[in-house]
Amino acid sequence: MPNYNFADHYKMAGLTPGPEIIQLRQEPFDKLLDNIDISMTLDLTRLYFGFSVPDGTGWFRDAFAETDASFSMIDNERETSVLSACLLSAALVKGDIAASLALLVASAIGHHIPKVFPELIEEAKQKLIVNSINYREHTTPDIDKIKQPIKSTVPTEVDKLIAAPAWPLAGEVINLTSSESLKATKILINQLRSVLLPLVNQVQDLREEVSMLWWCIGGWSRILEQPFSDMKIELSALMAGIDLAHLAENESGPVAAQAILHRIIIKSKKDAIKKISISSAVESLPDGVFQQLKISKNIDQVNDLCPILTALTKVDEIGPGDVWHAAFTKSTRLDVELKFTPVELAMQVFRESLLLAEID
C-alpha cells in the first residue's frame, strides 16, 4: 500500500506537524496496518470517537514511540484521533468489514460524533455497500472448463511389453499407469472445483435471498414466532433488525437491508413514523424471550459500542424498570431516552448483531 497522506489529514484536523513528524509516523503506521485484527479495530474505533479503551492503549503508544520517543497520548487526544481515523480509513480500503461495522454502530446513527473526520462514517457505510455487492458478483460457472482427459500413453507401452515381455518394462508400465491416473484425477478435481465453487456460492446467495424474501412477504418474526403486524412498533423495529441479522449469510448483510426493514416495519403500522426511545424498545421485549435472541457473551467486549444489544443485556442481567439505566449509561455514554426512528433502530441493532458475529 502506498504511503498514507498524513499531511492532508493532519491539516484537516487543524494540526500542523513538521515533515520530520510525518516521516516518523509512517513506519509504525504501516506496521500496525499490516497486523491489524478485530481487537485493534475496536480499540481504534474507541480512540477515534474519544472513548476510553478497556484494556489500555499501550500497544498504540508503544508502536509510535518506537520511532519517536517523545510521542505521548497525554494531552494529545486530537492526534490520537487523527492517527486512529487514518488507520481505520486504510483498513476500509483493504476491505475490513469489521472496521465498517464498528464505525457505524459506534456512531449510533449520528448520536456519537467524532471530533475529527466525521465523513469517515459515511465512508464506512459506502464500503459496506460495496462489499455486499462484491460478495454477490461471483464468477459465472463455465461447464466448458471440464475437458476430456488427454490421450493416455499406457496402451502404446503395453503393446511394447506384449511384443517383448520383460519385468523391468512391466514395472515401468505400472508406474506410468499410476502416474497418469493420479495426474488425470488432479486435473479433473481442479476443473470440477472451478465449476462447482461458483455454483455453491450462487446457491448460498439464492438461499439467503429466498429466506429473506419469504420472511419479508410473510411478515413473521422467526424468533418470536408471531407476525410483526401484531407487535407494537417498538418491538417490531427491534425484532426486525435482529431477525434479519440471523438470516444474513455474509458478514456485511444484504445491500437492500434498510429497504427490507422499512418494508417489514411500515407494513400495517400507522405509527411507523414515530420515534422510539432505547428504553421503550428494549422493555417491549416479552418476558422469557431474551435467551432466544442468542446474543453472544462477547457483547461484554463491545458494550460501549453496541447500545441496543447492551441495553437488552442490561435489562436481562439487572431487571426491568429504572434499575438498569445507570449501568447502561455508564457503558455507552448514551441516555436511555435517546430516540431513533423505527428504521434507524432496526438498522442499528442489525449492524450490532453483524459486528458481534464478526467478533465471534
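Based on Cα contacts under 8 Å between residues 6+ apart, the stretch 6-135 shows a relative contact order of 30 percent. Calculate the length of the line joining the C-alpha centroid of the stretch 48-92 to that of the stretch 305-347, in whole Å. Centre-to-centre (Cα) distance: 28 Å. Close amide H contacts of Trp220 (hydrogens built in the peptide plane, cut-off under 5 Å, sequence separation of 5 or more or a different chain): Phe228. Under the combined filter of DSSP loop state and at most 13 neighbouring Cβ atoms within 10 Å, the stretch 177-284 retains these trypsin sites (Lys or Arg not before Pro): Lys270, Lys274, Lys275. The distance linking the stretch 5-33 with the stretch 190-244 is 44 Å (Cα centroid to Cα centroid, whole angstrom). Our coupling estimate for the stretch 226-238, obtained by passing each phi through the Karplus curve with A = 6.51, B = -1.76, C = 1.60 and θ = phi - 60°, is 7, x, 5, 5, 8, 9, 5, 4, 4, 6, 4, 5, 4 Hz, Gly and Pro reported as x.
A simple rule links phi to the HN-Hα coupling: the Karplus curve 6.51 cos²θ - 1.76 cosθ + 1.60 with θ = phi - 60°, which for the stretch 203-215 gives 5, 4, 4, 5, 4, 5, 5, 5, 4, 5, 4, 5, 4 Hz, with x for Gly and Pro. Over all Cα atoms in the stretch 219-359, the spread is summed up by Rg and Dmax: 13.9, 38 Å. Pairs spanning more than 21 Å between alpha-carbon atoms, out of Lys127/Lys330; Lys127/Lys314; Lys11/Lys127; Lys11/Lys115; Lys294/Lys314; Lys125/Lys232: Lys127/Lys330; Lys127/Lys314; Lys11/Lys127; Lys125/Lys232.
Full extension of the chain segment joining Lys232 with Lys330 gains 32.4 nm, where the gain is 0.36 nm per residue of separation less the Cα-Cα distance. Applying 0.36 nm per residue to the separation of Leu188 and Val200 and subtracting their alpha-carbon distance, the gain on full extension is 2.6 nm.
All of the numbers you see were taken from the coordinates with simple rules; none came from a lab. All values derive from a computational prediction rather than experimental measurement. Backbone-built Cβ (ideal geometry, glycine too); neighbour counts: all protein chains shown.
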